[in-house]
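Chemist: Take this structure, written in structure tokens, and hold onto it; I'll ask about it next.
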Amino acid sequence: MNEIKLLRALIAKEADPVKKAEYEEQLIKAIEKDAQEKADAKAEAKNKAAMDALSAEAAKLRSQFGGMASEVASDGKSVGLGITAGAPGMYKGYRFKAEMANLGLKGKGADHAMFRANMQANPQRAEAFVKTFLDMYEMAKKNPGQEQAIIKAGMNEGTTTAGGWLTPDEFSDEWSSYTRDDSVALQFCRIERMLSDVKYVNKEDATVNSLGGVIITNEATAATEVNPTVARTTLTAKRLDGYTRITVEDMEDAQVRGGLVNQLMDQFSEANGQTIDSAVFIGAGDPCSGVFKSAGYSQTFDTGSSNFSELLESDIRGLIAKVLHAPNPRFFAHRTILWNYIYGLKDTTGRPLFIPSLAAGGPQTVHGWPISEVPKGPSTSAASTGFILFGDLKGFIIGERARSTSFFVDPFTRGLSHEVIFALFNRYAFAQHMANMYGRIVTAA
């Protein structure tokens, strides 16, 4: 009867609780010892199988290369080139010492620990193992034509038909996107809802004050007649649209976090906003003339000055002085203009125009007025070009006839090709309404 069976029998017969507890403690230790011995034996068998496989591979290579490869025999001797493991003066180079040191490194898992222990317990086998590896490595260098036969495994992911089909390409489910540009015009312009394709908005034309105002008169003197006039702005809706086609398979299979259609919606929304900004700021007549081209006031460079680099602090002050009727004025400029020509300007006392200082972490104001970057503003020097705007964009009207924030989905037009059309349809109108609410700095002709 082995120890475990004996202890179990004693526990079953023992009536004394103290003695019984001692037997139970001995039983636990005996079971743990038995389990460890079985694990050690299993690992030893596994290592022996690995060494036998290595010996067989070495024998195969030796036969293939005409006796150049070393073979590891079961007794730990290295044969084939007549080398005996442990012989003095053999394989004492850096490479051999490094590989021998690797056998002593700590690795993860019980298998590596058992293999290392086996190598340390049998130095001759360890040396034979390393020498065989080095023989194979040297033969690969000396026989380029046979390199793949030695190094490449029978199944490998580098060749599709030799295992590569089992390792498909991997793609991240995250979509790398640029920062989306928000529309500046939709934030600051006057927005008018439209129920038809045309809408009229009334405005002041000539006011009482602009026509001379009221006059102080003497007693018995006739009053002076003043006749203000009115005007109107016409808003005519035009389409802003675009579409894309996506195959049904692509929609089903694309591994994109948030979905492929959501990514396209973000792109179309940004493009829609930037097209609106282009019409408001740099429009050339269709659908309207942009504010940088036809503002109510202009601060113009001296004759012959057509480069943005000729901007002076006095031009900024001159523009501010001209815009008289802007309830909430601010500056607007392209990023290139802001950082290349405005940022370094100082007033006549040497103070930077950006408040509180040039080192305050980023421009917020110019001469105390806020400034907004306009991605669609003018950025290239040319004659008669407005490049800085100051005033209140409530003087410009954007009419919204139809503003969509979702796709129109058409699965039928391209149905036979298994494609779905996603289209974004909007209708907007654009018009200068009260141009004297803003002014521009413009280069000379």
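Chemist: Right, Asp241: assigned to a helix (DSSP H, G or I) and assigned by TED's automatic domain parsing to the domain that holds Lys394 or not?
Modeler: Taking the combined requirement at face value, the residue does not satisfy it.
Chemist: Tell me, which residue of the range 244-278 that is among the small types (Gly, Ala, Ser) and outside any helix (DSSP H, G or I) is modelled with the lowest pLDDT?
Modeler: The residue in question is Gly258.
Chemist: Within the range 427-436, work out how many residues are in a strand (DSSP E or B) and of a type in the set (Gly, Ala, Ser).
Modeler: Qualifying residue count for the region: 2.
Chemist: So, in the range 9-47, how many residues would count as being surrounded by fewer than 13 Cβ atoms within 10 Å (Cβ to Cβ) and outside any helix (DSSP H, G or I)?
Modeler: Number of matching residues: 2.
Chemist: When you go through Phe281, Phe292 one by one, which is the residue that is touching a helix residue (DSSP H, G or I) at 6+ places or on another chain (Cβ under 6 Å) and either surrounded by 11 or more Cβ atoms within 10 Å (Cβ to Cβ) or not in a loop (DSSP other than H, G, I, E, B) (or both)?
Modeler: Unique residue meeting the criteria: Phe292.
Chemist: Does Asn218 satisfy the criteria of being among the polar types (S, T, N, Q) and free of Cβ contacts under 8 Å to residues at least 12 places away in the same chain?
Modeler: yes
Chemist: Identify the single condition in (1) farther than 28 Å from Met194 by Cα; (2) of a type in the set (A, V, I, L, M, F, W, C); (3) surrounded by 12 or more Cβ atoms within 10 Å (Cβ to Cβ) that Phe268 does not satisfy, given that it satisfies every other one.
Modeler: Looking at each condition in turn, Phe268 falls short on (1).
The values are calculated or read from the model by the stated rules, or taken from the named source; none is laboratory data. What you see is a predicted model, and the numbers here were worked out from it, not measured in a lab. Cβ atoms come from the backbone with ideal geometry, glycine included; neighbour counts cover every protein chain shown.
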